Structures are given as structure tokens and as C-alpha cells.
Amino acid sequence: MNIGQQRAAALPRARGTERSLARRAELIAIGRRLFADTSYDALSMDDIARQAHVAKGLIYYYFRSKRGYYLAIIQDSVAGLVTTAAGGTELPRLDRVHRTIDGYLRYAEHNQAAYRTIVSGGVGFDAEVHAVRDGVREAIVGTIAEGAYGRSDIGPLARMGLLSWVCGVEGATLDWIGSTELPREAMRDLLVKTLGGTLRAIEELDPSCPAPAPARRDT
């Protein structure tokens, strides 16, 4: 087989792979909406297939099981949130903190089902799902630490201070996306202010982590 024949033979496979990835992504998007409003145990594979308008076997083909499907949804949502929030690495440190918080809120605002899936899960206590969520928290803590201190290798007190702030942000953001009373810019500024208080408290207890000077207000 010559080079031209090899390329021609590869085209159907490439197109098939693209269609397969697109179909998988479509099923994940559907699953985000379903699991955002209904608990894991309350949805059977028959329910999922019926609401997704697909054969149940197709879901098994891509994800092998309901749990595999659910974990794929969690992992995909996590990747989107972390990528959005951790952008802006070229910015000055304090601007990056603002960018991180704004990106986090933008993601939650425009991907509400996915955000609820990440933060609340909808399945009660599930060690594997909670481990994924904890990974998101650590990624956000590391991004904030890098922006505030220029490094992510911070001590246990600073880490715990930032982690407590992140956990508070999760609860506040869940409430915020459930209402339309507070604009995103106001929510961002509020979280930036509370982060400033957290950073000053960390500095007071651990002088090796000095709080950065107040950042300019974004316009």
C-alpha cells in the first residue's frame, strides 16, 4: 500500500474517531443536566437513556456502567473549571488572583449544572467523587497561592487558610447561581475582599506568608 492509499484508509478512521468523541461529549453534556437535578441513585440507566433519547447500550459502549458515566461527567466538569480558573498565567500576580476568581465565577455562571455536579455531586458521600472535588480545591488553592505569594509550596497554616476560603466560596457560589440579584462583578469584588482578609489573617499567624499589597480595582 502506497502513502496515498494509507492516507485514504486513515480518513474514515479519523472521521469515525471525531464522531465518537463528539457523541461522547454530547452524552456527558446531557448527563451534567440530568445529575444536576436528580440524585445518582434516583436515575437508572433506563431513565438516562430515555431522557437522552439514545439506546441504553450506547451509554454502556462509551462508559461501561452508570458509575463510569457519572465519573466521566465529574472529571470532564473538573477539567473545565480548573482550566478556566487557572488561566492568565502571563498576568502580574495580583491581576492573576482577580482573573482566577472571575474565571471561577464565569464558569459557575455559564455551566451551572456542571458546577453543581462538581461541588455537591448529588450522590451523598462518595469517596471517589469527593477525591475529585478535593483535587479541584487543591488546584484552586495552588493557583491563588501562586498569585498571592509567587509560589504554591506554602506551609500547612497558609494552605488551611486558603482552603477554608475556597470552601466558603463554593457555598456562596452555589447560592449565587441560584439567584440573579447580585451581578458577577459585585460577587467577584466581594470574594476578592474576603480573600484579602484571609491573606492578612494568614500573615498575622505565619509571617513567612506576607499578604500582598491591595490590588487595583478592576474596571
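Coordinate-derived values only; no laboratory data. Computed from a prediction, not measured in an experiment: that's the story for all the values here. Note: ideal-geometry Cβ built from the backbone for every residue, glycine included; neighbour counts use all protein chains shown.
The table that follows gives values for the structure above.
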{"read-out": "Packing rank of 144-155, 92-103, where each peptide gets the mean count of other beta carbons within 10 Å, highest leading", "value": "92-103, 144-155"}
{"read-out": "Stretch gain in nm, segment LEU58-ALA201, where the contour uses 0.36 nm per residue and the Cα spacing is subtracted", "value": "46.2 nm"}
{"read-out": "Cut-off 15 Å between beta-carbons: net charge of the residues surrounding SER152, Lys and Arg +1, Asp and Glu -1", "value": "+2"}
{"read-out": "Relative contact order (%) - segment 64-210, alpha-carbon pairs under 8 angstrom, separation at least six", "value": "26"}
{"read-out": "Distance between modelled label sites at LEU163 and ALA131, nm, 7 Å Cα→Cβ extension", "value": "1.6"}
{"read-out": "Pairwise Cα inverse-distance average, inverted: Kirkwood Rh of segment 73-205 (Å)", "value": "15.0"}
{"read-out": "Rounded to whole Hz, the Karplus (6.51, -1.76, 1.60) HN-Hα couplings of segment 25-31, x for glycine and proline", "value": "4, 5, 5, 5, 4, 5, x"}
{"read-out": "Residue-span extension gain [ALA213 to GLN51] - 0.36 nm each, minus C-alpha spacing", "value": "53.1 nm"}
